[in-house]
1. Using the crude model of +1 on Lys and Arg Cβ and -1 on Asp and Glu Cβ, and no other charge, please compute the dipole size for the chain relative to its Cα centre, in debye to 20.
2. How far apart, in nm, are the 7 Å Cα→Cβ label points at residue 11 and residue 43?
3. For the residue pair residue 18 and residue 77, what label-to-label distance in nm results when each label sits 7 Å from Cα along the Cα-to-beta-carbon direction?
4. Between residue 1 and residue 63, what's the calculated FRET efficiency when r is the beta-carbon distance and R0 is 22 Å? Round to 0.05.
5. Kirkwood-based Rg over Rh for the chain (C-alpha set), two decimals?
6. Which of 2, 91, 30 sits closest to the plus end of the dipole of the chain, meaning its Cα is farthest towards the positive end, when Lys and Arg get +1 and Asp and Glu get -1 on the C-beta?
7. With a cut-off of 8 Å between alpha carbons and a minimum separation of six or more residues, what is the relative contact order of the range 1-88 in percent?
8. 222 nm [θ] for the chain, helices only, -39500 (n - 2.57) per DSSP H run of 4+, per residue, to 500?
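Just so you know, all these numbers are worked out from the coordinates, no wet-lab data involved. Since we're looking at a predicted model, the values are computed, not measured. Here Cβ is always computed from backbone atoms with ideal geometry, including for glycine, and neighbour counts include all displayed protein chains.
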Amino acid sequence: MIKVSYLLWLREVVGDSEDKVFINNDSTLLRDLLSMLTSRRPVLKKYIIIDSEDNVVVSEHVIVLINNMPPKSMDDIVYDGDHILIIPQVSGG
């Protein structure tokens, strides 16, 4: 199981603070996990964009972390037991 946490105002947008994603194998690619999440929570499509060629792009309005570390690419491997954080960008003055 992969735990996905939504922080700050994104919790209200999603309607929950976390999701648990069960995968068939011991791992999956980050882009595949994010694609699964947008299918489960269509409201995320505003922040996680999947284009016509199935490329996954994260909006500049959110940050995705794997075990508190930024991914190098959408092809990073996410393992069973990992924790994904989806955090909205915070700005202000």
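1. 300
2. Using points 7 Å along Cα→Cβ, the separation is 1.3 nm.
3. With each label placed 7 Å out from Cα toward Cβ, I get 2.4 nm.
4. That pair, residue 1 with residue 63, gives E of 0.50.
5. 0.94
6. So the residue furthest toward the plus end is 91.
7. Here the relative contact order equals 40 percent.
8. -4500 deg cm²/dmol
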